[in-house]
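Novice: My questions will all concern the structure given below.
The values are calculated or read from the model by the stated rules, or taken from the named source; none is laboratory data. Keep in mind that this is a model prediction, so the values were computed, not measured. Don't worry about glycine lacking a Cβ; one is built from the backbone with ideal geometry, like all the others, and counts go over all protein chains shown.
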Amino acid sequence: MIPPLLPGRAARGGPGMALLVGLALFGVALLLRIYRLDAQSLWLDEGSSWAISRSAWGPLLRELLSPTAAYPLYHLLLKAWTAIFGDGEAALRMPSALAGALAVVWVYLAAVELERDIRERDGVWARGLSWYGLGAALIMLAAPYAIWYGQEAKVYGLLLLWAAMISWALPRALRTGTRRDWAVLAALCVVAVFVHRLAGLLVVAVGWACWASGWPGTRGARWVVAGGLLVLSGGMVAAMAMGLGSESATTGAYIPAGPVGALWLTLVRFSLDRWPGDAPLWWLLPWLALLAVGSGRALLDVRHSPRRRRATLLLALLGVPLALFLAQLAFTRLYEARYLIIIFPAWALTLAYPLASRESGVRPVSPAPAGSPVREAPAHRRPPLWYGLLLLAALATGGLALFQPTFGLFSGDPVKEQYREALRELARRAHPDDAIVLHPGYIRPLYDYYMGRLSADPAPEPISFFNFWRGPTSYGQREWDIERRERLAGYTRSFLLIAPDHARTVDVPLPGDEYGLVGNFWAFSREQRAWPCGIWRANGAHLLCQEAPEPYYTGSPAPTPATPTDAVFGENLRLLGYTLKATTPAGPGTYRAGGRLPISLFWDVSAQPTEDFSFFLHLCRDCTAPPLASDDGPPLEGYLPTSSWLPGKPARDDRAIVLPADLPPGRYTLLLGLYRPDDPSEAGRLTVTGWPRLGDDRLVLGTIEVVAP
């Protein structure tokens with residue numbers, strides 16, 4: 001048995017109370033973390049988590065020993081989880097929600113352990129609720145920062161749990177000195193570096209905390225251990241400088257900050273999960289007050305012999321990882337608040353430190369013979385009123401931050417990148433022979449994830465311009481023009497899905513521009529002698545469309561309709577024909593329920609129209625009843641109004657009817673009509689001449705077959 005560094009006595013108390021408190025904290029924390037769990041779209045890193053978790057078991061297992069894999073254990077666990085529960089948005093995020101809720105319980109237990117160490121040294125037995133544990137747990141439970149990572153399909157919820165468990169295991173091992181508790185601490189530290197390589201900072205902090213608590217006992221051994229810890233600390237700084245610096249060079253995505261700026265950014269993020277300026281400054285005041293009082297009290301206790309170890313352990317868990325992380329900023333300037341989640345449990349324990357027991361407890365009232373029962377008194381005093389009000393104010397501002405419009409996770413506004421929304425628009429409109437361009441190319445996992453869910457049809461294979469990774473010195477306007485013509489040759493319509501904030505790091509826009517070379521080509525379609533056909537701006541993800549049917553663009557003759565017609569709407573709008581696109585192996589005319597019915601309409605006019613008209617496509621069985629599926633609107637999303645059409649300049653309008661997933665299989669009639677947008681009733685429709693037609697205002701294009709998905 002390894003003896004405890006300081007003698008202790010077994011605490012007496014009811015396990016039922018601890019179990020009840022733990023279950024209550026876990027339940028409330030989990031409810032907060034599953035609230036609106038799938039309301040936000042997956043963002044870039046969550047898409048990467050999904051993509052990596054789909055790898056085979058062998059490569060994932062090998063990544064455990066790969067120095068370049070930052071958090072290999074998480075992807076193994078996520079793969080096992082999705083094999084059982086699926087990979088929907090909520091399912092992908094649920095492991096983080098569970099881990100975040102469990103972290104709340106372990107912070108409570110960590111606070112209890114820190115208190116037990118002092119009480120047992122004083123001959124005091126703990127009994128009842130720990131106000132210190134409850135205060136720290138409430139901060140963990142309701143902090144917007146912790147809730148964010150409890151609703152993200154990334155490793156940081158699991159890393160938060162592991163940091164909380166180490167914060168509990170360290171004082172316990174030092175208090176009891178048993179081999180079992182030291183083995184638990186050692187196992188947690190070993191596994192931590194597989195949870196995330198940056199957890200090595202926490203392992204170093206554990207070493208320094210043990211050293212500061214008096215281990216090892218001899219002076220010579222202490223010098224040796226201190227030297228080893230200094231070397232390990234320097235090695236961690238060097239590893240971060242090389243690893244994080246390489247990451248910033250590879251992705252171009254980073255937040256530049258020096259050590260002082262990083263401290264301020266961390267304080268604001270830990271308190272409100274905001275960047276400075278995104279919330280009123282007074283919201284931060286109660287958090288600053290809690291930090292000042294808690295850290296000040298802990299620093300005073302470092303000088304007080306009975307409470308020295310408790311304060312030393314807490315400050316080591318908070319200060320050592322923070323100091324080492326700030327040191328690497330001198331080399332990389334790369335800051336991410338999520339990398340410091342390893343100190344968040346210690347942060348919560350520090351803010352609640354004024355609630356830590358000082359005099360309260362259960363003491364022997366008078367000496368008693370050996371074996372005689374000990375008289376007990378109530379163990380815990382209530383917290384001071386001033387601290388309770390301060391804590392409530394901090395929790396209230398955290399709640400305001402969660403529901404703050406534009407920024408709040410629970411506000412209903414988009415706060416994550418909206419790939420789901422952008423790709424929903426793409427899935428509604430894309431034809432099988434459209435060019436789909438992704439920029440930058442590393443957003444591909446989001447394309448694969450959502451296109452596979454938003455449509456029953458196979459998604460077109462996307463195009464990416466990876467040469468931008470070579471940098472502006474070797475890839476400019478000339479190289480872009482050459483590669484674009486080669487990659488887009490033969491396409492008459494293209495969509496660009498661009499993540500502007502990420503694209504700017506590899507395709508830097510000129511001053512005043514919204515996009516770089518790639519984005520501007522689609523944003524300014526008319527300048528490229530092509531037609532724009534839509535721009536949909538979602539938070540962090542934009543979808544742009546360009547129609548280019550002319551030979552100069554494709555290097556081939558202008559497309560002609562597969563099915564010619566001779567129908568005229570109104571006085572002079574002539575439908576030259578249409579082309580149904582194939583989405584199934586059966587070819588054009590057979591489509592899946594839950595997929596799309598893509599069609600291209602070819603038009604000409606005998607004179608320039610004086611009005612702008614909209615088109616509708618209806619799919620029906622009983623065509624006297626409302627259509628079962630439809631699409632309507634102006635040509636090219638309003639970018640090519642009919643009033644701009646000129647004789648002898650054929651216009652092409654690509655559309656798609658979204659087929660409901662529950663559309664019964666069978667044959668359906670496809671109808672086309674035109675109407676005045678200010679009068680969508682039947683009276684506002686244009687008459688049609690030509691055959692076959694239904695009534696005077698709907699042209700029958702033919703019949704199609706709908707099959708099950």
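Novice: Criterion first (buried (at least 17 other Cβ atoms within 10 Å of the Cβ) and either at pLDDT below 95 or not assigned by TED's automatic domain parsing to the domain that holds VAL112 (or both)) does GLU63 satisfy it?
Specialist: Taking the combined requirement at face value, the residue satisfies it.
Novice: Kindly indicate which of LEU663, LEU670, LEU646 is assigned to a loop (DSSP other than H, G, I, E, B) and within 13 Å of SER630 (Cα to Cα).
Specialist: Result: LEU663 is the single residue among LEU663, LEU670, LEU646 that is assigned to a loop (DSSP other than H, G, I, E, B) and within 13 Å of SER630 (Cα to Cα).
Novice: Residues LEU263, LEU272, LEU285: which one is under 30 Å from TRP386 (Cα atoms) and either buried (at least 18 other Cβ atoms within 10 Å of the Cβ) or over 33 Å from the mean Cα position of the chain (by Cα) (or both)?
Specialist: Of LEU263, LEU272, LEU285, the one residue that is under 30 Å from TRP386 (Cα atoms) and either buried (at least 18 other Cβ atoms within 10 Å of the Cβ) or over 33 Å from the mean Cα position of the chain (by Cα) (or both) is LEU272.
Novice: Okay, next question. Just for the stretch 191-243: of the residues that are β-branched (Val, Ile, Thr) and free of Cβ contacts under 8 Å to residues at least 12 places away in the same chain, which one is nearest to ASP301 (Cα to Cα)?
Specialist: So in the stretch 191-243, the residues β-branched (Val, Ile, Thr) come out as 191, 193, 195, 203-204, 206, 218, 224-225, 231, 237.
Those left that are additionally free of Cβ contacts under 8 Å to residues at least 12 places away in the same chain: 193, 218, 224, 231.
Numbers: VAL193: 31, THR218: 25, VAL224: 27, VAL231: 29 Å.
Restricting to residues being β-branched (Val, Ile, Thr) and free of Cβ contacts under 8 Å to residues at least 12 places away in the same chain, the top hit is THR218.
Novice: If you don't mind, another one. Taking the stretch 615-637, which residues are without any contact (Cβ under 8 Å) to a residue 40 or more places away in the chain and assigned to a loop (DSSP other than H, G, I, E, B)?
Specialist: ASP622, THR624, ALA625, PRO626
Novice: Return yes or no: is ARG303 surrounded by 17 or more Cβ atoms within 10 Å (Cβ to Cβ), at negative phi, charged (D, E, K, R) and over 24 Å from the mean Cα position of the chain (by Cα)?
Specialist: Answer is no for this residue.
Novice: Has the stretch 383-397 got any residue that is surrounded by fewer than 15 Cβ atoms within 10 Å (Cβ to Cβ), modelled with pLDDT of 50 or more and under 19 Å from GLU113 (Cα atoms)?
Specialist: no
Novice: Let me ask something else. Any residue at all in the stretch 115-136 that's under 29 Å from the mean Cα position of the chain (by Cα), under 24 Å from GLN40 (Cβ atoms) and modelled with pLDDT of 95 or more?
Specialist: No: zero hits.
Novice: Can you name the residue in the stretch 525-566 that is out of contact with any strand residue (DSSP E or B) (no Cβ under 8 Å at 6 or more places or on another chain) and part of a helix (DSSP H, G or I) and is also modelled with the highest pLDDT among such residues?
Specialist: Across the stretch 525-566, the extreme among qualifying residues is GLU527.
Novice: Tell me the residue from PRO432, PRO440, PRO445 that is in contact with a Gly (Cβ under 6 Å, 6 or more places away or on another chain) and either farther than 30 Å from TRP283 by Cα or of a type in the set (Gly, Ala, Ser) (or both), please.
Specialist: After applying the criteria, what remains is PRO445.
Novice: List every residue pair whose Cβ atoms sit under 6 Å apart, with the two residues 6 or more apart in sequence or on different chains, where the first one lies in the stretch 642-667 and is closer than 12 Å to LEU573 by Cα and the second, anywhere, is of a type in the set (Asp, Glu) and surrounded by 12 or more Cβ atoms within 10 Å (Cβ to Cβ).
Specialist: So the pair list comes out as THR642/ASP612; SER643/ASP612; PRO650/ASP604.
Novice: So TYR591 fits all but one of (1) in contact (Cβ under 8 Å) with a residue 60 or more places away in the chain; (2) over 17 Å from VAL658 (Cβ atoms); what number is the exception?
Specialist: Of the numbered conditions (1) in contact (Cβ under 8 Å) with a residue 60 or more places away in the chain; (2) over 17 Å from VAL658 (Cβ atoms), the odd one out for TYR591 is (2).
Novice: Restricting to the stretch 677-697, name every residue that is crowded, with 16+ Cβ neighbours inside 10 Å, touching a residue at least 40 places away in the same chain (Cβ under 8 Å) and within 16 Å of ASN572 (Cα to Cα).
Specialist: Matches in the stretch 677-697: LEU686, VAL688.
Novice: Residues SER455, SER474: which one is surrounded by fewer than 21 Cβ atoms within 10 Å (Cβ to Cβ) and of a type in the set (Ser, Thr, Tyr)?
Specialist: The conditions single out SER474.
Novice: Of all the residues that make up the stretch 43-67, how many are more than 21 Å from TRP162 (Cα to Cα) and part of a loop (DSSP other than H, G, I, E, B)? Break it down into steps so the answer makes sense when it comes.
Specialist: So in the stretch 43-67, the residues more than 21 Å from TRP162 (Cα to Cα) come out as 43-44, 47-48, 50-52, 54-59, 62.
Narrowing the set further to residues that are part of a loop (DSSP other than H, G, I, E, B) leaves 43, 54-56.
Residues that pass the stated criteria total 4.
Novice: Scanning for something farther than 19 Å from LEU646 by Cα and over 42 Å from the mean Cα position of the chain (by Cα), does the stretch 612-622 turn up at least one residue? Lay out the reasoning, then the answer.
Specialist: Kept after step one, since they are farther than 19 Å from LEU646 by Cα, are these residues of the stretch 612-622: 616-622.
Cutting the leftovers down to over 42 Å from the mean Cα position of the chain (by Cα) gives us 621-622.
Yes, the stretch 612-622 contains a residue that is farther than 19 Å from LEU646 by Cα and over 42 Å from the mean Cα position of the chain (by Cα).
Novice: Still on this structure: Could you please tell me which pairs satisfy a Cβ distance under 6 Å, a separation of 6+ or placement on different chains, a first residue in the stretch 443-458 that is outside the structural domain of SER41 (by TED's automatic domain parsing), and a second residue that is surrounded by fewer than 18 Cβ atoms within 10 Å (Cβ to Cβ) and part of a helix (DSSP H, G or I)?
Specialist: Listed by first residue and then by second, the contacts come to PRO445/ALA51.
Novice: Could you tell me whether the stretch 455-468 includes any residue that is in a helix (DSSP H, G or I) and among the acidic types (Asp, Glu)?
Specialist: No, because not a single residue in the stretch 455-468 is in a helix (DSSP H, G or I) and among the acidic types (Asp, Glu).
Novice: Still on this structure, please answer the following. Looking at LEU670 and the list (1) over 39 Å from the mean Cα position of the chain (by Cα); (2) modelled with pLDDT under 95, which single condition is not satisfied?
Specialist: Going through (1) over 39 Å from the mean Cα position of the chain (by Cα); (2) modelled with pLDDT under 95 one by one, LEU670 breaks only (2).
Novice: Would you call TYR491 at pLDDT below 85 and either surrounded by fewer than 17 Cβ atoms within 10 Å (Cβ to Cβ) or assigned to a loop (DSSP other than H, G, I, E, B) (or both)? Outline the logic, then answer.
Specialist: Values: at pLDDT below 85: no; either surrounded by fewer than 17 Cβ atoms within 10 Å (Cβ to Cβ) or assigned to a loop (DSSP other than H, G, I, E, B) (or both): yes.
So TYR491 fails the test.
Novice: Take the residues of the stretch 1-25 that are within 16 Å of LEU129 (Cβ to Cβ) and buried (at least 16 other Cβ atoms within 10 Å of the Cβ): which is modelled with the lowest pLDDT?
Specialist: ALA11
Novice: Let me ask you something else. Within the stretch 204-322, considering only helices (runs of 4 or more DSSP H) that don't extend past its boundaries, which have at least 3 residues that are more than 27 Å from ILE139 (Cα to Cα)? Spell out how you get there, then give the answer.
Specialist: On the way: elements: 219-251, 259-272, 285-302.
Where helices (runs of 4 or more DSSP H) fall fully within the stretch 204-322 and carry at least 3 residues being more than 27 Å from ILE139 (Cα to Cα), they are 219-251.
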